[in-house]
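In what follows, a single structure is set out as structure tokens and then discussed.
Laboratory data are not the source of any read-out in this text; all were calculated from the coordinates shown. It should be emphasised that the depicted structure is a prediction, and the values quoted were computed from it without experimental measurement. We place every Cβ from the backbone using ideal geometry, glycine too, and count neighbours over all the protein chains shown.
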Amino acid sequence: MSSWHLLDPASPAPLRDHQLAMNRRQFFGRTATGLGTAALASLLDRENGLAAGSPNIAPKAKRIIYLFQNGGPTHVDLFDYKPRLQKVHGKPVPDGYLGGKRFSTMTGDPSGKLMLQPVEPFQQHGQSGAWVSAFMPHTAAIADELCFVKSLHTDAINHAPAISFLLSGAQIPGRPTMGAWLNYGLGSSSEDLPGFVVMTSVSKGTSCGQIFYDFYWGSGFLPTRFQGAKFRGSRDPVLYLNNPDGLSPELRRGLLDDLAELNEMKFRAVGDPEIETRIAQYEMAYRMQTSVPDLTDLSDEPEHVLAMYGPQVREPGTFAYNCLMARRLAERGVNFIQCMHAGWDQHNSLTTELYTQCRDTDQPSAALVRDLKMRGLLEDTLVIWGGEFGRTPFIQGDLANRERWGRDHHPYAFTVWMAGGGVKPGISYGASDDLGFNAVENPVHVHDLQATILHLSGINHEQLTYRFQGRYFRLTDVHGHVVKPILA
Amino acid sequence: MLAFAPVAGRTAPPSSVVFSRDILPILSDACFQCHGPDAKEGRKGDLRLDDEADAKRDRDGYRVIAEGHPDASELIRRLVSEDPEEQMPPPKLGRPLSPTQIDTLKRWVAEGGQWGKHWAFEPVVRPAVPEGVHPIDALVQHGLDAAGIKPNPPADPATLLRRLSLDLTGLPPAMAIGDQSAVISDRENPNTDHRSPITDHDWSAIIDKLLDSPQYGERMAWDWLEAARYADSNGYQGDNERTMWPWRDWVVKAFNENLPYDQFTIWQLAGDLLPQANPDQILATGFNRNHMINGEGGRIAEENRVDYVMDMSETMGTVWLGLTLNCCRCHDHKFDPLTQEDYYRFTAFFNQTPVTGGGGNPQTPPVLEIAPPDAIAARDAVRKERNEAKGRADKAAEAEKAALTDAFNTAEANLKSLDAAIPKVMVMADQKEPRKTFLLDRGLYNAPGREVTAGVPPVLLPAPDAANRLDLARWLVAPGHPLTARVAVNRIWQMLFGIGLVKTAEDFGIQAEYPQQRELLDWLAAEYVASGWDTKALIKTIVTSETYRRSSAIESPSDFERDPANRLLARGARFRMPSWMIRDQALAASGLLDRTLGGASVYPYQPAGIWDEATFGKKTYTESRGGDLHRRSLYTFWRRIVGPTEFFDTAKRQVCEVNPLRTNTPMHALTTLNSPTYVEAARFLADGVLRSHPDETTRLDAIGVRLLARKPAPAELAVWQRSLERARGAFQKDPAAATSLLATGAKRSEPGLDPAEHAAWTALCLNLLNLDETLTKE
């Protein structure tokens, strides 16, 4: 939305006053050197920082990298060790675990379903003694950096609504996502790149491909400048970034100078502050023409760093490449980076595709945490790894046909891990019951996770609001409690 | 000039406190969350501040509102209390009332605490307007006088022509009005004084010409398509292609034929239920079926079906009532006097189609086949042939079976292709056996509560007998309906001025702002209904006002500061055009625009791999060829899960959207600087002026006229020439670069132009396509 339309009589008063002041500066604060810096700032929305809510909490995480695992990673096979699953393997679901709960139509009525043991063995790792399965050797090796939340639970049972719920607080598309809220509340720290960047990838070995809907990084009713800028999974992450064939960068620079001069003339003639925004918009576009190629030019990465991320790191569009990009974006001041990876939907492929899935994601995820730590960035960068729900502790498929073992969607308990940015390292928080069915010890609802993430960013989730359709909305709706025990 | 008869009506409100303007918004905003209409969730302290009787009743010795006695009113005591346990609103909410707001409430109680209805639910009363002045200008002047702001003078004629032409057709004036137009050719004539005002007679003639051009309907259709969440695919996983474009063409036709808005409403919501409904009336009901269809495995059919029904009702609510019904899915509205029951009574109207919700068929019946009769007859003949072949094969002896089976297979294949070529538009039809409708707990399909019947909220306008969609549609346009006309004229105003008289075009409920220009809104609404819902007349009424024709320049910083968003309308509108209009303008100005009306959607330029990436290779985009690359943006194929890449700030086409977005991200600039559409348009704009004008000056002037409807001023000309020189130098030094630039875009230039020169002019034109003034309607 333009600065013009930022003057929104329906928005909360502090924001409105701030915008008035900003426009005043745009109007009178111009210097003889041309472009007013206020106009630039309004485009970058830096000055808007915290207009939405007062920064009453000291921020621990200056930036967030969400490694979103789309499809529902199987908590009971990866992180949530339940020895009893071995004992009840092949037996019907014991009484008392289901209680009329809803499952996907693929499962239907869950009573009588047979229990399924974890596919791979678990071991304890590091000084913290975290249980991690053999599926995830690289993650296991950094267990002491991680805070596992094993009692997360959600309201939704199908992919799109559950992802939407986790990222935007509502199952129905149309609400602002976490990154958009933070972009709105905190602004951007980069003058050369958007403040909220999204990258997507898909496991190379899986057949099921969940679609990445753009409402997973949408700004909902917030102005669209807060939405995630989706970088594409190719050599050209931004559309139309390159000058037309035959138009050299030197000529383009000269032409843009002329364009700015003409727009300045227009501004002097009609006084519309929007024109200053336009000039800044074109300058930012020009800078992205340089900053984005610099971002994707890996020639400055030492071999040993690239090797850490694994063999796919040079291939645009892979999770490994995106993890490396996430670090490079973080270094360049981008505050919310959402790497989405699809393929965790093992309805019938726990013994097959799950291996490829873990191969594609385990090493890069761990490498990112290590890499950030080596550079001193981990302490103020929050990394979150997890999906929209877990998977059933009972089998989907035929117990006799190991090749086709699967698990169905399971919203009642699942695991995410976090690292850096103000969370305690080397702990596990909360627990599911002895079969991994239900979050029983310190349950953490999706809204609690959201409240905690905002808290780590220095924002009280009850105060980050936006007025739309006559009411004040927030990421956590009317719910959410900060999970204080995991705060460092 | 149009004649306006003065009509007696309400006079301006007195300066004392007005409940609906001054009090209700405060109560609603600060109190209704806990003391409002929602009966189940969240009401605190056994107090309703939305209900006069409850708010004023005696509570064992004290009263919340004691008329005439602020000191004896608990409301006021709690507002000014300094005890955090007592203070209202509770301090922990962090949204205290301002001293002015508290003072207003005190004054209101002191003046007697008079109650009233939310303004938008009161019937429209046509305000009195003075004779001899355009009513819009007279009403706007009230607000300007009160604020002490002087209105701007009229914009200069060239700016006005461009403004009008873009507003009414989405195309620049030379293209929309035509070079042969007397008015325009005069203005292109260098001897004409461009600053001479356009006479009222000429202005009226130009308006009529634009309103009568087929491009008017195309322009109006875009906004309606966004409201109707029109797209060419289902959405969700799979995202199968659908064939709703005949409905889109009907919309264009309806606007061009100026179908009165009441009929436009009835046909779209319930054309199928009209007596002897004709095919157009049935086709119009495709409006309701434009919702997304979920074909994901693992979804419950009934859950999908309920989603579709809710989407239909909520879209109706936003488009016609300007109310956010969706809040009532789960609970009574927190602010508006709408109950959860009201919501489900609305859904009962739409709950009657035979759709089951199963599968992802993008042509789920009921459908209307749109094709020439002979195509349908040919298909039906082959179907008969196939059925006969099957019948014979089943009965035939072994020896004949093979031949007959072959015949069957041939007919079957033939039938498939003939049938696939007939677009099937999803439309409405009610099943014979009425489906029961239930209030759904928390909006869950499988948590039905008590049964409800179709019906409308009497708080808006009673219609006790409303039983089916046709009754609902007729109720919306019935005399005395408080919302439909207000909501409709507000959208037209928003289209022309960039912001509605009610800023929230989607919400006229209690939480919406009280319109500063309420009398103007009501006058327009009354006028619209009185004209027989004549949309072209409404638009003409608005654009003939001085208010519309004012210059958009900000003449003084102090006036700007007093009204930065121009809500008092001292200035003309100035805002960045929608991205589709920017593209259409570029195509038109360059002469590339293919003006073919209607038909199946087309596939203009899009970078390779966009669809493949979003669908894991299941869908691949194949660009159109020839003229279809240069059709109006309206006809671009809209895939829901990944919309066209060349547009920005458009509705997502997933759910109903009536509020335009206007952002300025660097990605937008990159699009208009670098995408092949704009490079090719620049190339043909250059091509055109190089061939048709003899020298540099007249060429530069011609570019100015095509893009800005004016010639460049001397200071601008100097910069344009500098750009040209830069580009000339670069391309003369590097002829290969010139060839590369000229190779962008599918359409080839005729031979005969010097490549370096053509490339230099192309670079200049590309720059000028990105001027703020080019991108802006001013």
Least to most buried among B:497, B:731, by other C-beta atoms within 10 Å and fewest first, runs B:497, B:731
For the protein assembly as shown, whose charge dipole is built from +1 on Lys and Arg Cβ atoms and -1 on Asp and Glu Cβ atoms, the candidate among A:220, B:515, A:486 with its Cα farthest towards the positive end is A:486
Highest mean packing first, using Cβ neighbours within 10 angstrom, the peptides B:400-409, B:229-238 sort as B:229-238, B:400-409
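Please compute the average number of Cβ atoms from other chains found within 10 Å of each residue's Cβ in peptide B:562-573. Intermediate results must be reported in sequence, preceding the final value.
Numbers: counts 0, 1, 11, 6, 2, 2, 0, 0, 0, 2, 0, 0.
Counting Cβ atoms of other protein chains within 10 Å of each residue's Cβ and averaging gives 2.
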Along region A:85-90, Karplus-curve 3J(HN,Hα) (6.51, -1.76, 1.60; θ = phi - 60°) to the nearest Hz, with x for Gly and Pro, reads 4, 5, 5, 9, 3, x
For region A:64-69, Karplus-derived ³J(HN,Hα) couplings (6.51, -1.76, 1.60; θ = phi - 60°; whole Hz; x for glycine and proline) come out as 10, 10, 9, 8, 7, 9
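Length gain on complete extension for the stretch residue B:750 to residue B:383, per 0.36 nm per residue less the alpha carbon to alpha carbon distance? Could the numbers behind the result be given before it?
Values: separation 367, 0.36 × 367 = 132.12 nm, distance 4.92 nm.
Result: 127.2 nm gained on full extension.
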Normalised Cα Rg of region B:220-321, dividing by 2.2 N^0.38 Å with N its residue count, works out at 1.12
Rounded to the nearest Å, the spacing of the alpha-carbon centers of region B:406-442 and region A:139-184 is 39 Å
For residue A:349, other-chain or 5+-apart residues with amide H closer than 5 Å (H placed, Pro excluded) are A:407
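With +1 on each Lys and Arg Cβ and -1 on each Asp and Glu Cβ, how big is the dipole of region B:311-437 about its Cα centre, in debye rounded to the nearest 20? It would help to have the intermediate numbers written out before the result.
On the way: 16 positive and 19 negative charges, 39 e Å.
Rounded to the nearest 20 debye, it is 180 debye.
Tell me, what are the semi-axes, in whole angstrom and largest first, of the equivalent ellipsoid of region B:577-778 as set by the roots of 5 times the Cα gyration tensor eigenvalues? Kindly include the intermediate steps, with their values, before the conclusion.
Numbers: eigenvalues 188, 77, 48 Å².
Taking √(5λ) for each Cα gyration eigenvalue gives 31, 20, 15 Å.
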Rounded to one decimal in nm, the spacing of the 7 Å Cα→Cβ label points at residue B:62 and residue B:374 is 8.6 nm
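Using Cβ counts within 10 Å as a stand-in for footprinting exposure, how do B:428, A:418 rank, fewest first? Walk me through the numbers before you get to the answer.
Numbers: B:428 25, A:418 28.
The order, fewest Cβ neighbours first, is B:428, A:418.
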Note, region A:233-245: 3J(HN,Hα) by Karplus (6.51, -1.76, 1.60, θ = phi - 60°), whole Hz, Gly/Pro = x, goes x, 8, 4, 10, x, 10, 5, 6, 6, 7, 4, x, 3
Gyration tensor on Cα atoms of the protein assembly as shown, a ≥ b ≥ c root eigenvalues, a/c under 1.5 rounded, else prolate if a/b beats b/c, else oblate, says rounded
Computed over chain A: longest principal axis from alpha-carbon atoms vs helix A:273-296 long axis, angle to nearest 10 degrees, is 50 degrees
At the level of C-alpha centres, the distance separating region B:759-778 and region B:450-493, in angstrom, is 47 Å
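Under DSSP H, which helices of chain B have Cα atoms covering 27 Å or more of the helix axis and a Kyte-Doolittle average no less than -1.0?
Values: long enough: B:373-395 (33 Å, -1.44); B:398-420 (33 Å, -0.33); B:714-733 (28 Å, -0.66).
Taking the DSSP H segments of chain B (at least 27 Å long, mean hydropathy at least -1.0), we get B:398-420, B:714-733.
Provide the three semi-axes, in whole Å and in decreasing order, of the ellipsoid equivalent to region A:231-363 as defined by the square roots of 5 times the Cα gyration tensor eigenvalues. Don't jump to the answer; show the numbers that get you there.
On the way: eigenvalues 335, 58, 33 Å².
So the three semi-axes of region A:231-363 are 41, 17, 13 Å.
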Counting sequence-distant residues (5 or more places) and residues on other chains, those with an amide H built under 5 Å from that of residue A:152 are A:414, A:416, A:444
Binned at 10 Å starting from 0, the alpha-carbon pair-distance distribution of region B:363-463 in whole percents comes out as 13, 22, 21, 15, 17, 9, 3, 0
With +1 on the Cβ of every Lys and Arg and -1 on the Cβ of every Asp and Glu, the dipole magnitude of region B:577-778 about its Cα centre, in debye rounded to the nearest 20, is 540 debye
Quick note, chain B: a/c under 1.5 would make it rounded; otherwise a/b > b/c is prolate and the rest oblate (a ≥ b ≥ c, C-alpha gyration tensor); here it is oblate
For chain B, the dipole about the Cα centre with charges only on Cβ (Lys and Arg +1, Asp and Glu -1), to the nearest 20 debye, works out at 900 debye
Per the charge dipole of chain B (beta-carbon charges, Lys/Arg positive, Asp/Glu negative, Cα centre), the residue among B:665, B:746, B:55 reaching farthest to the positive end is B:746
Per the rule of 0.36 nm per residue minus the C-alpha distance, extending residue A:306 to residue A:434 adds in nm 42.1 nm
The helix A:159-168 Cα axis meets the longest alpha-carbon principal axis of chain A at an angle in degrees, between 0 and 90 and rounded to 10, of 50 degrees
Cross-link reach from residue B:416 to lysines, straight Cα distance under 25 Å and at least 8 residues apart if same chain, gives B:384, B:390, B:395, B:401, B:424, B:618, B:619
Bridge orientation stat for the protein assembly as shown from DSSP, antiparallel percent rounded to 5, came to 55 percent
Excluding residues fewer than 8 positions from residue B:503 in its own chain, the lysines with Cα under 26 Å of it are B:117, B:150, B:334, B:536, B:540, B:652, B:777
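Can you compute the FRET efficiency between residue A:269 and residue B:625 using 1/(1 + (r/R0)^6), with r the Cβ-Cβ distance and R0 = 41 Å? Round to the nearest 0.05. Numbers along the way, then the final one.
Numbers: r = 43 Å, r/R0 = 1.05.
Once the sixth-power term is evaluated, E becomes 0.45.
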For chain B the mean separation of alpha carbon contacts under 8 Å (6+ apart) over residue count, i.e. relative contact order in percent, is 16 percent
Classified through the alpha carbon gyration tensor (a ≥ b ≥ c as square roots of its eigenvalues; rounded if a/c is under 1.5, else prolate when a/b is larger than b/c, else oblate), region A:221-301 comes out oblate
Taking the alpha-carbon centre of each part, the distance from region B:56-122 to region B:303-351 in Å is 32 Å
Lys and Arg at +1, Asp and Glu at -1: neighbours of residue A:151 with Cβ under 11 Å from its Cβ sum to -3
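Under the rule of -39500 (n - 2.57) per DSSP H run of 4 or more residues, summed and divided by the residues of the protein assembly as shown, what mean residue ellipticity at 222 nm is obtained, to the nearest 500 deg cm²/dmol? Please report the intermediate quantities before stating the final value.
Details: 48 runs with 521 residues, N = 1266.
Computed mean residue ellipticity for the protein assembly as shown: -12500 deg cm²/dmol.
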Summing +1 per Lys or Arg and -1 per Asp or Glu among the other residues with Cβ less than 9 Å from residue A:298's Cβ gives -1
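How do B:558, B:531, A:201 line up, fewest other C-beta atoms within 10 Å first?
On the way: B:558 8, B:531 15, A:201 26.
If I rank by nearby Cβ atoms, fewest first, I get B:558, B:531, A:201.
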Between the residues B:271, B:524, B:225, the Cα farthest towards the positive end of the dipole of chain B, that dipole coming from +1 and -1 charges on the beta-carbon of Lys, Arg, Asp and Glu, is from B:225
Taking placed amide H atoms and a strict 5 Å upper bound, the residues 5 or more places from residue B:422 or on another chain that come that close are none
